[in-house]
Structures are given as C-alpha cells and as structure tokens.
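The structure appears below as structure tokens.
The values are calculated or read from the model by the stated rules, or taken from the named source; none is laboratory data. All values reported here derive from a predicted model rather than from experimental measurement. Note: ideal-geometry Cβ built from the backbone for every residue, glycine included; neighbour counts use all protein chains shown.
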Amino acid sequence: LNEENMAGMKFEAFMLKPGDMVCFDSFAPHGSGPNLTDTSRRVLYVTYNKLSAGDHRHAYYADKRKSFPPDCERDPDKEYKFRV
C-alpha cells in the first residue's frame with residue numbers, strides 16, 4: 001500500500017500485551033510502526049493449499065528464504081523485497 005491507496009482508509013490499532021496475538025488474512029490492509037521495545041517482534045505466516053495440488057512446502061520456503069531471508073542471513077549491501 002502507498003499513501004494514495006490508504007487515503008480513504010481508517011486504520012484501527014490492536015492494543016496487545018506481551019504474549020497476545022492477532023490473526024488476519026494477508027489481503028487485509030495492515031501495517032505497524034517501528035518496534036520501540038527491547039524485544040523482537042514475532043511473525044507467523046500460515047500457508048496452505050489443497051492436497052490434490054501437490055506438496056510445495058520445500059520449494060515455497062526455499063524461495064521465500066532466498067528472496068526475503070531472516071535478518072541474520074541478510075547481506076547489508078543488498079535490498080530485499082517481500083514477494084508472495
């Protein structure tokens with residue numbers, strides 16, 4: 001999303017405590033400000049497909065790690081973009 005896309009949208013904050021979680025569909029417009037705490041913020045992506053479509057788990061995660069690796073595996077001179 002960019003500023004133009006979000007112009008007419010009203011966002012509401014989820015006031016969570018440590019250990020709480022919120023679940024939503026990836027197509028729901030969402031975002032968060034910078035983490036100003038001294039602890040890391042966890043994210044869980046749940047993906048699935050029909051059994052009849054085959055097992056794509058290994059390829060999915062290998063591609064995801066290549067295009068958007070965890071911070072500890074990133075090259076500081078490279079720019080990464082999240083791709084679905």
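Details
- Total residues in segment 70-84, condition surrounded by 10 or more Cβ atoms within 10 Å (Cβ to Cβ) and either small (Gly, Ala, Ser) or modelled with pLDDT under 90 (or both): 1
- Residue tally, condition in contact with a Leu (Cβ under 9 Å, 6 or more places away or on another chain) and under 27 Å from Cys72 (Cβ atoms), over segment 1-22: 2
- Scanning segment 3-55 for residues that are surrounded by 10 or more Cβ atoms within 10 Å (Cβ to Cβ) and part of a loop (DSSP other than H, G, I, E, B) yields a count of 5.
- Residues in segment 1-37 that are acidic (Asp, Glu) and more than 27 Å from Lys64 (Cα to Cα): Glu4, Glu12.
- Per-region count, segment 1-20, residues within 18 Å of the chain's Cα centre (by Cα) and in contact (Cβ under 8 Å) with a residue 12 or more places away in the chain: 2
- Within segment 67-83, tally of residues that are assigned to a loop (DSSP other than H, G, I, E, B) and closer than 16 Å to Val43 by Cα: 5
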